[in-house]
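Chemist: There's a structure below that I have some questions on.
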Ligand code: PNS
């Protein structure tokens, strides 16, 4: 029987506990879940794509059935290249729903044999957003319980590196 492969795409800048929760539940439904970090040139990210892939690799070390890759170009083309038919996404709230329905319908219009499958984020994680998490760390707050411990460490490392670079830069 063909293996059911689900592609879980996203920016993941950085991955949160909510993202990890989607993968952990996804591997119970699908034979394989491939986390796909999108290479986008239109947005500015804190972590580079290879850094985000590295973080995911560590998070998935003990998760059988899950792996991580990066992709560029259209998601539907990447999914097809992987021989998959399922795009997996997490849903937190109605705001997500509006954005997700638009993407899911557009992706289906591009490739009608693809299905987007949603997993409702665990209630305790439904408020988590990578953008808020970055802001909290930047302003010296704790994000314990919002991101895996190793992600919090990487966030602090990255933000203090950026701060040092800013201090070294000549004043404008
Ligand atoms: O975590 P995000 O930022 O909500 O993820 C959005 C993502 C990466 C899934 C979406 O922007 C995407 O699929 N990008 C790849 C380019 C593409 O296929 N765009 C058309 C989407 S309908």
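Chemist: What is the extension gain from residue 111 to residue 163, computed as 0.36 nm multiplied by their sequence separation minus the C-alpha to C-alpha distance, in nm to one decimal? Walk me through the intermediate numbers first.
Modeler: On the way: separation 52, 0.36 × 52 = 18.72 nm, distance 4.39 nm.
Extra length available between residue 111 and residue 163 comes to 14.3 nm.
Chemist: Expressed as a rounded percentage, what relative contact order does the chain have, with Cα pairs under 8 Å and six or more residues apart?
Modeler: 27
Chemist: Can I ask one more? Is the shape of region 33-130 best called rounded, prolate or oblate, per the rule: a/c under 1.5 gives rounded, else a/b larger than b/c gives prolate, else oblate, with a ≥ b ≥ c the square roots of the Cα gyration tensor eigenvalues?
Modeler: Since a/c stays below 1.5, the shape of region 33-130 is classed as rounded.
Chemist: Let me ask another. In angstroms, what radius of gyration and Dmax does the chain have, counting Cα atoms only?
Modeler: 16.9, 63
Chemist: Cut-off 10 angstrom, C-alpha nodes, Gaussian network model of the chain. Which of 94, 27, 143 fluctuates the most?
Modeler: Among 94, 27, 143, the largest GNM mean-square fluctuation belongs to 94.
Chemist: Output the 0 to 90 degree angle, nearest 10, between the alpha-carbon long axis of helix 17-29 and the longest principal axis computed from the alpha carbons of the chain.
Modeler: Between the helix axis and the principal axis of the chain, the angle is about 20 degrees.
Chemist: May I ask what percent, to the nearest 5, of DSSP beta bridges between residues of region 1-149 are antiparallel?
Modeler: Numbers: 0 of 21 bridges.
Within region 1-149, antiparallel bridges account for around 0 percent of the total.
Chemist: Given a cut-off of under 8 Å on Cα pairs at least six residues apart, what relative contact order in percent is computed for region 29-99?
Modeler: With pairs under 8 Å counted, the relative contact order is 34 percent.
Chemist: If you don't mind, another one. Mean-square fluctuation check for the chain, GNM, Cα pairs under 10 Å: which of 59, 139, 150 is largest?
Modeler: Of the options given, 139 has the highest mean-square fluctuation.
Chemist: Could you work out which residue, out of 130, 66, 36, moves most in a Gaussian network model of the chain, that is, has the largest mean-square fluctuation with Cα springs under 10 Å?
Modeler: Of 130, 66, 36, the Gaussian network model singles out 130 as fluctuating most.
Chemist: Report the FRET efficiency, 1/(1 + (r/R0)^6), for residue 48 and residue 139, where r is their Cβ-Cβ distance and R0 is 30 Å, rounded to 0.05.
Modeler: 0.85
Chemist: Let me ask something additional. Using only the Cα atoms, work out Rg/Rh for region 118-172, with Rh taken as the Kirkwood radius, to two decimals.
Modeler: For region 118-172, the value is 1.12.
Since every read-out is calculated from the coordinates, none of them should be taken as a lab result. Given the structure is predicted, the values throughout are model-derived calculations rather than measurements. So basically every Cβ, Gly included, is an ideal-geometry build from the backbone, and we count neighbours across all protein chains shown.
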